[in-house]
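See structure below.
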Amino acid sequence: MNRIELPINGGCQCGRHRYSISALPLTLYACHCTDCQTQSTSAFGMSMPVLRETVKCDLEALGTWQKTAASGRIVKARYCKECGPRLFHEPSRNPKLINVKPGTLDDTSWLSPAGHLWLDSAQKWFIPPENALCYAGQPSTFDDLFERFGSNIELQNSN
């Protein structure tokens, strides 16, 4: 069981942009599409969808870049113009959500993806954990990812 304390805080490398999340994430997943591999300069990228209304950050102060994802959907990326890392992705499929890039969290010790997407383009050496949900491409729904993540999370009392 992973324990999360609210609020969840994070920011860019240089510290210019900070954010705070006042509610539990909906899920956490690793994406192995070639776009995420390029964007993260690694074997995969991670995304942590949260309700947009729970994020406190000056999004307009961040740089913006837009791209059509492998799924065909438009994704807006928000990043620090000074030090470069992406902090958020804004999926066009649901404007009520924002995907936090969880490597920018202050505490990453509790991160454990509920699933892995786009495994058809994963690095050949990558083997997903036994208990993870696995998808060859984009899942038709994220319901199973939400359920799996929620069943493995416990809110830690900050008092």
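The values are calculated or read from the model by the stated rules, or taken from the named source; none is laboratory data. Just so it is clear, the model here is predicted, and its values are computed rather than measured. All Cβ positions, glycine included, derive from the backbone under ideal geometry; neighbour counts span all protein chains shown. Areas reflect the complete protein model, heavy atoms only, side chains present, ligands, DNA and RNA absent. Shrake-Rupley method; radii C 1.70, N 1.55, O 1.52, S 1.80 Å.
Before moving on, here are some points about what is shown:
- Accessible-area composition of the chain, carbon plus sulfur, in percent [1.4 Å probe]: 47 percent
- Set of the stretch 17-57 residues, backbone N closer than 15 Å to the point 7 Å along the Cα-Cβ line of THR141: none
- The stretch 1-48 - Rg and Dmax from Cα coordinates, angstrom: 13.2, 33
- On a per residue basis, the stretch 1-149 carries 53 Å² of accessible surface, using protein heavy atoms and a 1.4 Å probe.
- Charge tally for ALA114 (other residues, Cβ to Cβ under 15 Å; Lys, Arg +1; Asp, Glu -1): -4.
- Straight Cα distances below 24 angstrom link LYS81 to the lysines LYS56, LYS67, LYS101, with same-chain residues fewer than 8 positions distant left out.
- For the chain, built as a Gaussian network whose Cα springs stay under 10 Å, the top-fluctuating residue of CYS31, CYS57, CYS12: CYS57
- Of all aspartates and glutamates in the structure, those lying under 14 Å Cα to Cα from LYS76, and not within fewer than 8 positions of it along the same chain, are ASP35, GLU60, GLU90.
- The equivalent ellipsoid that matches the C-alpha gyration tensor of the chain spans semi-axes of 22, 20, 15 angstrom, in descending order.
- Protection proxy ranking of 90-99, 60-69, 133-142, 47-56, by the mean of other Cβ atoms within 10 Å over each peptide's residues and highest first, is 47-56, 90-99, 133-142, 60-69.
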